[in-house]
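A.B. asks: Dropping the structure in here first, questions after.
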Amino acid sequence: MKEIIKQNADLEKIVLDVAEIAQYLWQNGWAERNAGNISVNINDIIRGHEFNDLSEFPIFQLNKSYIELSSKYFFVTGTGKRMRDIAKSPMKNAIIIRISEDGNSYTLISRYKSDTYEFRPTSELPTHLGIHQMIAQRGTNEKVIIHTHANELVALTHNPEFKNTDTINTVLWGMHPEAMVFVPKGVGFVPYIMPGTEEIAQATIIELKHHDIALWEKHGVFAIGETVFDTFDSIDIISKSAKIYFMCKSAGFTPEGLDSKQLYDLKELIKNFS
Ligand code: 2HA
Ligand code: ZN
């Protein structure tokens, strides 16, 4: 894939951005072993001439049709791949896929055909494609999806008190002002469902229609954003809220949180900027 990337500076930048973020996920302790996955809609930056003959590359069936993603290109991390390896060698640990015209299958595109023999996209592909499809349907500009096992947010979901969207957002927005300013739609809570399934994909899509981040009970987060860095920042900011919450609890008190007037004023502030 190196040669493909060298012909397209925009694509090269996306690949390097994904590598940089993969390093942050690992450093934050959110990416044990093969935990987490990233996908980027690269359709707008693929010009077509990067790939001479797609027919040499393998095609895989999808379990359902993603018709709104017809003929679109995505850069996706691979199943079983480690974030710390993606950081070092993004081209070996992630790949380009092109959805077929009928939306029922995808072609794996890499530097050499042999690179595709062992490679499969992330086990959470149904959720990634489902979210990209939801974004295409509503016509917004999010291109990036990051799934990571953000410890502090996962820890919150072990408290039965927080197993609902309203309570969890009140706590997270209340811990510091940036949370409301930069994650204004908050997190949507997704009760535990087997990872990698169409069922969890559907539950996640429902939450991401109205929230910036879906929080999977006892597992991790799925965040969407326009750039790789914005998407990472949302998780980072909201994870800081959870950290502050636990710091206060460890110090023996329950954090007071910003009050409803303070949160209201922040909401008004954002309206003036949007
Ligand atoms: O990529 O995180 O949820 C491994 C996972 C599955
Ligand atoms: Zn996971």
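A.B. asks: Work out the length of the dipole vector of region 1-149 about its Cα centre, built from +1 on the beta-carbon of each Lys and Arg and -1 on the beta-carbon of each Asp and Glu, and round it to the nearest 20 debye.
C.D. replies: Values: 18 positive and 18 negative charges, 68 e Å.
The dipole of region 1-149 has a size of about 320 debye.
A.B. asks: Counting only GluC sites (Glu not before Pro) that sit in a DSSP loop (anything but H, G, I, E, B) with at most 15 other Cβ atoms within 10 Å, what is the longest stretch of the chain containing none of them? Intermediate values should be presented prior to the final figure.
C.D. replies: Numbers: sites that count: Glu32, Glu101, Glu118, Glu226, Glu256.
That gives 119-225 as the longest site-free run.
A.B. asks: OK, next. How far, in degrees from 0 to 90, does helix 165-174 lean away from the longest principal axis of the Cα atoms of the chain, to the nearest 10?
C.D. replies: With rounding to tens, the tilt is 70 degrees.
A.B. asks: Kindly put Met180, Met91, Met83 in sequence by how many other C-beta atoms sit within 10 Å of each C-beta, fewest to most.
C.D. replies: Numbers: Met180 25, Met91 20, Met83 28.
Ascending Cβ contact count within 10 Å gives the list Met91, Met180, Met83.
A.B. asks: Using the basic label-point model (7 angstrom from Cα toward the beta carbon), what is the Glu217 to Tyr117 distance in nanometres?
C.D. replies: Taking the simple label geometry, Glu217 and Tyr117 are separated by 4.4 nm.
A.B. asks: Could you point to the residue in Gln262, Ile224, Met247 farthest towards the positive end of region 215-274's charge dipole, with +1 and -1 charges on the Cβ of Lys/Arg and Asp/Glu respectively?
C.D. replies: It is Met247.
A.B. asks: Give me the dipole magnitude in Debye, nearest 20, for region 149-274 about the Cα centre, with unit charges on the beta carbon: positive for Lys and Arg, negative for Asp and Glu.
C.D. replies: Charge dipole of region 149-274: 200 debye, to the nearest 20.
A.B. asks: Let me ask you something else. Using each residue's phi in region 183-189, evaluate 6.51 cos²θ - 1.76 cosθ + 1.60 at θ = phi - 60° and report the 3J(HN,Hα) Karplus result to the nearest Hz, with x for Gly and Pro.
C.D. replies: Taking θ as phi minus 60°, the curve returns 10, x, 8, x, 10, x, 7 Hz for region 183-189.
A.B. asks: By how many degrees, 0 to 90 and rounded to 10, does the Cα axis of helix 9-27 deviate from the longest principal axis of the chain?
C.D. replies: Its long axis makes an angle of about 50 degrees.
A.B. asks: If I model a spin label as a point 7 Å beyond the Cα along the Cα-Cβ vector, how far apart are those points for Gln7 and Gln27 in nm?
C.D. replies: Taking the two extended label points, one gets 3.4 nm.
A.B. asks: If you wrap a convex hull around the C-alpha atoms of region 162-266 and split its volume per residue, what is the figure in Å³?
C.D. replies: Normalising the Cα hull of region 162-266 by residue number yields 101 Å³.
A.B. asks: Fully extended, how many nm does the chain gain between Met247 and Phe273 (0.36 nm per residue separation, minus their Cα-Cα distance)? Working shown, then result.
C.D. replies: Values: separation 26, 0.36 × 26 = 9.36 nm, distance 3.17 nm.
Extending this stretch completely gives an extra 6.2 nm.
A.B. asks: Sticking with this one: Where in region 132-148 does the amide nitrogen come within less than 16 Å of the point 7 Å from the Cα of Lys209, taken along Cα to Cβ?
C.D. replies: Inside the label zone: 132-140.
A.B. asks: Taking neighbour Cβ counts within 10 Å as the exposure measure, how do Leu215, Leu269, Leu153 sort from fewest upward?
C.D. replies: Taking fewest neighbouring Cβ atoms as first place, the list is Leu269, Leu153, Leu215.
A.B. asks: In deg cm²/dmol, rounded to 500, what helix-only [θ] at 222 nm does the chain give when every DSSP H run of at least 4 residues adds -39500 (n - 2.57) and the total is split over its residues?
C.D. replies: My calculation for the chain gives -13000 deg cm²/dmol from helical runs alone.
A.B. asks: Follow-up question, since we're still on this one. With labels modelled as points extended 7 Å from the Cα through the Cβ direction, what inter-label distance (nm, one decimal) is found for Lys240 paired with Ser70?
C.D. replies: A separation of 4.4 nm, rounded to one decimal place.
Rule-based calculations on the coordinates, nothing more; no lab input. These numbers were taken from a predicted model, which means no experiment stands behind them. All Cβ positions, glycine included, derive from the backbone under ideal geometry; neighbour counts span all protein chains shown.
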